[in-house]
Amino acid sequence: MASVFSRIIAGELPARFVWQDDQCVAFLSIQPLRPGHTLVVPRLEVDHWLDLELPLLTHLTRVSQVIGQALQRGFRPAKVGLMLAGLQVPHVHIHLVPILSEQDLDFANQDPHPSERSLDEAAATIRRCLAELEAGDDRRGR
């Protein structure tokens, strides 16, 4: 059975996408740890990151860095946290979270019911910052 992320990628379930290419997508978490919490997900359904082929892992990392730069620009956190947890959904996904402290990476602090408006605003901020970064730097390799 397809994972929830495969169903999102296939368009069967809604998501606020901020990135799409031939190898991966990125969309907002529906239970964010902080505003801007983004998931980078390979199109290929792989359960454990240790099983990823190196070129795909490299691509996911490169995309995560670009999106992380947009999160840093748009949300001005102390840092952008990156985490590979993957226990809830059996499909590799990288969490990118604008953080002020390490406690911001505690899943006990997820917002189970974020407003539609806050999610839309966060997605718009990320897309705007990605466009600004793309306009200023053609070396991204997208």
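Any read-out appearing in this document is the output of simple, stated calculations on the displayed coordinates, not a laboratory observation. This is a predicted model, so every value here is computed, not measured. Reconstructed Cβ throughout: ideal geometry from the backbone, glycine too, with neighbour counts over all protein chains shown.
Residues LEU87, LEU44, LEU82, ranked from the fewest to the most other C-beta atoms within 10 Å, line up as LEU87, LEU44, LEU82.
The alpha carbons of the stretch 65-142 stretch over 38, 27, 24 Å along the principal axes, in descending order. Averaging over all projection directions, the Cα-based convex hull of the stretch 1-62 occupies 4.7 nm² in the image plane. Each of ARG34, ARG7 has some number of other Cβ atoms within 10 Å of its Cβ, and from fewest to most they run ARG7, ARG34. If you take all other residues with their beta carbon under 14 Å from the beta carbon of LYS79, and give Lys and Arg +1 and Asp and Glu -1, the sum is +1.
The local environment of LEU105, defined by Cβ-Cβ distances under 11 Å, has a net charge of -1 under the rule Lys, Arg +1 and Asp, Glu -1. Neighbours of ILE8 by Cβ distance under 11 Å: Lys/Arg scored +1, Asp/Glu scored -1, total +2. Taking the number of Cβ atoms within 10 Å of each Cβ as an exposure proxy, the fewest-first ranking of TRP49, TRP19 is TRP49, TRP19. Extension gain for the segment VAL89 to GLN23, taken as residue separation times 0.36 nm less the Cα-Cα distance, is 21.9 nm to one decimal. Could you state, as a whole-number percent, how many of the C-alpha pairs of the chain are farther apart than 22 Å? Tail fraction, whole percent: 34.
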